[in-house]
Amino acid sequence: AIAIPNIISWQTNAKLRGAVNNLTGDLQMAKSRAIKQHTTVTVQFTATGYTITDADGRVFRDREMPAGITIGLNTFLDNDGDGNPDTSFNSRGIPIPGVPGDLGSVIIQGANDNRQVSINMTGRIEVI
């Protein structure tokens, strides 16, 4: 009986780590794709996931958070007016200059812990 709570806690923490790793990798992919294709790539967030699209609207990734994991506090702005916060990388792989909402962070929340993923003005993506 003692091992079961530890297993449940470990599983919840593994889901959180996995979600953070997926988001970080997907943001890197968005940045790389923007550079490679010389276009703007946008990451749009909801409470339960995110979608990555290019300037033509092609979807590269549409990811939902695992059960029990949500996107909490989000400091990105709604730059395109659709009600969801987003960030975009330009063809140099940096957040679009002059668009303050492209800099910021999101907090990925689990049951017992959370992690912050941020993008700075040079396009550096880091987990805090």
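At-a-glance table
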read-out: Of all residues in segment 57-71 being charged (D, E, K, R) and within 17 Å of VAL41 (Cβ to Cβ), the one that is surrounded by the most Cβ atoms within 10 Å (Cβ to Cβ); value: ARG61
read-out: Exclusive hit being over 18 Å from LYS15 (Cβ atoms), in a strand (DSSP E or B) and not polar (S, T, N, Q), set LEU27, LEU73; value: LEU73
read-out: Those residues of segment 22-32 which are without any contact (Cβ under 8 Å) to a residue 40 or more places away in the chain and surrounded by 14 or more Cβ atoms within 10 Å (Cβ to Cβ), in sequence order; value: ASP26, MET29
read-out: Total residues in segment 33-52, condition buried (at least 16 other Cβ atoms within 10 Å of the Cβ) and assigned to a helix (DSSP H, G or I); value: 3
read-out: From the options ASN90, ASN74, ASN112, residue that is out of contact with any strand residue (DSSP E or B) (no Cβ under 7 Å at 6 or more places or on another chain), more than 16 Å from ASN22 (Cβ to Cβ), open to solvent by less than 50 Å² (accessible area, probe 1.4 Å) and in contact (Cβ under 8 Å) with a residue 12 or more places away in the chain; value: ASN90
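The values are calculated or read from the model by the stated rules, or taken from the named source; none is laboratory data. Everything numeric here is computed off the predicted structure, so don't read it as measured data. We place every Cβ from the backbone using ideal geometry, glycine too, and count neighbours over all the protein chains shown. Note: areas computed on protein heavy atoms with side chains; ligands, DNA, RNA excluded. Shrake-Rupley method; radii C 1.70, N 1.55, O 1.52, S 1.80 Å.
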